[in-house]
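Worksheet: the structure to be examined is printed underneath.
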Amino acid sequence: MRSLLFVPGDQPERFAKAAASGADALILDLEDSVRAARKPVARKAIAEHLSNPTWDAVTFVRVNPLGGPCLADDLKALVGLRPAGLMLPKAEGAASVKVLVSSLASHGLAGVPILPIAAETPAAIFSLGSYREVAEHLVGLTWGAEDLRAEIGTIHSRGDDGLFTAPYQVARALTLFGAHTADCPAIETVFPAFHDDAGLNRFAALAARDGFTGMMAIHPRQIAAINRAFTPSDERIDWARRVVAAFAANPGAGALQIEGEMIDAPHRQQAERILRMVS
């Protein structure tokens with residue numbers, strides 16, 4: 001999943017346009033983008049779509065947080081349906097995933113995978129290494145800056161250059177490491193300035209460079225840039241094929257040389273990952 005596009009669940013007229021955006025996955029939202037009075041409308045619209053899907057895009061549902069008054073109603077609305085996964089906001093490590101897994105089982109939704117938003121509270125930062133305990137339930141791991149910003153009272157989460165300030169760089173990095181520790185996709189957070197094409201291109205390119213495998217979006221016009229950033233270039237694919245072929249031809253070698261570059265096991269692993277992305 002290179003791109004995951006949020007769509008307010010109470011605006012079903014936007015569903016088809018979002019599906020046509022080229023996003024690899026849609027996130028139909030029951031949480032922040034839907035006012036409390038509109039949540040029943042959103043649950044009904046999402047349930048109707050999942051009952052009779054009209055597009056092929058992978059479809060997630062972002063439910064409301066654990067411990068709040070809305071999650072039980074969210075899950076009741078999904079009984080008998082099979083979204084590709086549930087996005088869990090304000091997750092705080094493996095313990096949160098275990099609670100949701102139990103709730104899913106009690107609603108007949110056992111086996112639906114979970115995509116936690118794993119760094120939206122201060123406590124969550126200290127539990128990011130625990131997701132490997134529940135790796136079998138995860139379809140990815142992501143993070144969010146705006147809720148964390150509200151929790152700790154910072155004025156801005158980004159500097160004048162559009163990049164995250166130090167506290168948010170920590171949250172971002174720990175989410176990245178937590179995802180790779182759990183061997184699941186690391187999904188970059190949103191870039192809110194959806195009219196800033198240059199800023200989006202830079203942000204997505206940095207995410208791909210740093211080891212994220214995809215990114216969330218808040219507007220269809222962001223999808224093409226995100227997909228482009230997370231699609232390996234022809235040159236990168238060619239490099240990966242040459243590395244894999246070199247080790248296949250020399251199965252006992254620990255290190256090899258390709259066109260003056262020394263490569264070893266980490267290079268092979270990286271090459272194999274690139275080829276899996278485009279297979």
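The values are calculated or read from the model by the stated rules, or taken from the named source; none is laboratory data. Keep in mind the model is a prediction, meaning the values are calculated, not measured. Using ideal geometry, Cβ is built from the backbone for each residue, glycine included, and neighbour counts are taken over all protein chains shown. For accessibility, only protein heavy atoms count, side chains too; no ligands or nucleic acids. Shrake-Rupley method; radii C 1.70, N 1.55, O 1.52, S 1.80 Å.
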Looking only at segment 111-141, which residues are assigned to a loop (DSSP other than H, G, I, E, B), open to solvent by 20 Å² or more (accessible area, probe 1.4 Å) and either under 19 Å from Phe6 (Cα atoms) or in contact with a helix residue (DSSP H, G or I) (Cβ under 6 Å, 6 or more places away or on another chain) (or both)?
Pro113, Val139
Among the residues of segment 203-222, the number that are within 15 Å of the chain's Cα centre (by Cα), of a type outside the set (D, E, K, R) and surrounded by fewer than 21 Cβ atoms within 10 Å (Cβ to Cβ) is 4
Filtering segment 148-198 down to residues that are open to solvent by less than 50 Å² (accessible area, probe 1.4 Å), among the small types (Gly, Ala, Ser) and not in a loop (DSSP other than H, G, I, E, B) yields Ala171, Ala173, Gly178, Ala179, Ala186
Identify, by number, the condition in (1) in contact with a helix residue (DSSP H, G or I) (Cβ under 9 Å, 6 or more places away or on another chain); (2) assigned to a helix (DSSP H, G or I) that Ala37 doesn't meet.
(1)
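Conditions (1) charged (D, E, K, R); (2) open to solvent by 60 Å² or more (accessible area, probe 1.4 Å); (3) touching a residue at least 40 places away in the same chain (Cβ under 8 Å), marked per residue:
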{"residue": "Asp10", "(1), (2), (3)": "yes, no, no"}
{"residue": "Ala19", "(1), (2), (3)": "no, no, no"}
{"residue": "Glu31", "(1), (2), (3)": "yes, no, yes"}
{"residue": "Ala45", "(1), (2), (3)": "no, no, no"}
{"residue": "His49", "(1), (2), (3)": "no, no, no"}
{"residue": "Ala77", "(1), (2), (3)": "no, no, no"}
{"residue": "Leu81", "(1), (2), (3)": "no, no, no"}
How do the pairs read when you match residues in segment 194-219 that are under 17 Å from Ser21 (Cα atoms) and in contact (Cβ under 8 Å) with a residue 60 or more places away in the chain with residues anywhere that are among the β-branched types (Val, Ile, Thr) and surrounded by 16 or more Cβ atoms within 10 Å (Cβ to Cβ), using Cβ under 6 Å and keeping only pairs 6 or more apart or on different chains?
Gly214/Ile187; Met215/Ile226; Met216/Val190; Ala217/Ile223; Ala217/Ile226; Ile218/Val190
Working carefully through the options Arg242, Arg221, find the one that is under 30 Å from Pro89 (Cα atoms) and not aliphatic (A, V, I, L, M).
Arg221
Please go through (1) surrounded by 13 or more Cβ atoms within 10 Å (Cβ to Cβ); (2) at pLDDT 95 or above for Ala57 and return the number of the only condition it doesn't satisfy.
(2)
Kindly indicate whether Val99 is of a type in the set (A, V, I, L, M), open to solvent by 70 Å² or more (accessible area, probe 1.4 Å) and part of a helix (DSSP H, G or I).
yes
